[in-house]
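See below for the structure under consideration.
Read-outs throughout are calculated quantities, based only on the coordinates presented, and are distinct from any laboratory measurement. Note that the structure is predicted; figures quoted are calculated from it, not measured.
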């Protein structure tokens, strides 16, 4: 059963939704995201909805002292044996970020959902994003190629769902709450189909970037968004979400920044090095990579909002 650990009855237009695994690394990312929301006053129109396992509830609640964060106990894929891959060698934990569709009642008072990971930053421009009811706004992924489009076309035929080739759909989505929940639900179903196909038919994890089991959730989400667009008259708009944190572009050009798996400043794998830097030495926080450092270094500073 889902259990709210922080309650507040203020109705807001938007909610930012994320999943936190039971791991210190993600707790640190969450602290940074919360501070980011405070600094840019995103809390004025958005709550942060955090789903996590029961084992993480106390740790997460211990770092929260404001009214815009709501923490909920959630199921976890590692509690479901059907998500274990013998060939993959682990549970497919990426799908945890989709599971909030099982808790629809949490979102009754929110018109829009912004689904995101935690290794991200929101820019001041995020407050300016106006969205339409029948549009799903997504970032651009980095996984697609002709081979993947061909594979997904074949799977769509097998599943008897429409596929029109909308591809490279990023992990960050923003849209009408009902649409985002439906997109999560369908993504979950198609991700499992693809993940199990690697296990049962291909008998291999495949290889990146051709066709890889580790990217099953991206493939499943692509199938889901194509189906929604074809059957529900929904539009997809690619916007500046998931912009790389190593970028030298201005923050005024993007809404959302994502830390990718690289070793280029600003990256999430060099934080011990960054901890030695003084906030006062950051001279241009309008540059994306410097802005990320500027936010990160303030993650442990006193709360701005109660």
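At-a-glance table
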read-out: Distant alpha-carbon pairs in segment 81-205 (separation over 19 angstrom), percent; value: 58 percent
read-out: Kirkwood hydrodynamic radius (C-alpha pairs) into Stokes-Einstein, segment 69-120, 10 °C and 1.306 mPa s, D in µm²/s; value: 122 µm²/s
read-out: Rg(Cα)/(2.2 N^0.38 Å) for segment 124-181, N = residue count; value: 1.39
read-out: When the convex hull of its Cα atoms is projected in every direction, mean area for segment 1-143 (nm²); value: 9.8 nm²
read-out: For segment 97-147, alpha-carbon Rg over 2.2 N^0.38 Å; value: 1.44
read-out: Surface/4 of the Cα convex hull for segment 186-304, nm²; value: 11.1 nm²
read-out: Using alpha carbons only: equivalent-ellipsoid semi-axes of segment 14-72, gyration tensor based, whole Å; value: 19, 11, 10
read-out: Dimensionless Rg over Rh [the chain; C-alpha; Kirkwood]; value: 0.95
